[in-house]
Amino acid sequence: LDTDRAVNELVFNNSNSYTVSANTLTVGANVTTSQGSHTISSAVDFAPGTRTLTSASGTSLNITGTTTFTADGTGTLVLDGDGGGSVGVILDNADTGNPLNGTDNVSVVKRGVGTWTIGPGTSTLEDFHGGNTTIEAGTLAVKADSPGGTVGELRSPVIEVQTGATFD
């Protein structure tokens with residue numbers, strides 16, 4: 001895409017692999033992958049509320065840009081499906097400092113049997129989501145900034161791993 005784009009919902013339903021690239025992609029609802037392996041390399045801004053990234057069995061969805069909740073920064077990012085994928089930095093626009101100070105409003109919920117990876121963060125505290133993380137099913141992995149590195153994207157005050165789920 002040659003410029004910023006706004007869509008209500010994004011559905012990848014073709015087995016051909018696609019890469020969506022723009023400065024910023026604003027998504028009003030959810031992103032679903034029902035076929036193929038796809039990448040969003042631009043920054044993704046979600047409207048406040050619960051937004052779901054779904055990857056069906058045998059598919060993958062990878063967001064390499066920063067994922068932000070716009071407006072007041074409040075939201076829940078649900079990583080769902082029997083497939084999997086990855087998400088880079090997750091943050092909220094309400095972030096004004098240390099994500100451990102209780103002002104951060106973005107939570108993460110992992111559902112479905114697939115594996116989702118939260119990519120490496122940065123050394124800047126504002127670059128982390130600070131809400132709770134709940135792993136209901138499947139695997140949620142946190143990737144370090146480098147092999148043996150210590151900087152990952154997860155700074156949740158509460159991490160709940162339910163029976164049968166895996167936190168890696």
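Which peptide among 27-35, 60-68 comes first, and what is the full order, when sorted by highest mean count of other Cβ atoms within 10 Å?
60-68, 27-35
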Exercise. From a point 7 Å beyond the Cα of Val7 in the direction of its Cβ, which residues of region 41-58 have a backbone N at a distance under 13 Å?
Worked result: 41-42, 44-45, 54
Problem set entry | Probe 1.4 Å, protein heavy atoms only - accessible area per residue of region 1-73 in square angstrom | 45
For this session: Along Cα→Cβ, 7 Å out, is where each label goes; now give me the distance between the ones at Thr139 and Val161 in nm to one decimal.
Result: 1.2
Exercise. What shape does region 21-78 have by the C-alpha gyration tensor, where a ≥ b ≥ c are the square roots of the eigenvalues, rounded means a/c under 1.5, and otherwise prolate means a/b greater than b/c and oblate the rest?
Worked result: oblate
Problem set entry | Protection-proxy order for peptides 43-51, 17-25, 157-165, each taking the mean of Cβ atoms within 10 Å per residue, highest first | 43-51, 17-25, 157-165
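The values are calculated or read from the model by the stated rules, or taken from the named source; none is laboratory data. Everything numeric in this text was worked out from a predicted model, so none of it was measured. Positions of Cβ are generated from backbone atoms using ideal geometry, with glycine treated the same way; all protein chains shown enter the neighbour counts. Heads up: the accessible areas ignore ligands, DNA and RNA and are worked out on the full protein's heavy atoms, side chains in. Shrake-Rupley method; radii C 1.70, N 1.55, O 1.52, S 1.80 Å.
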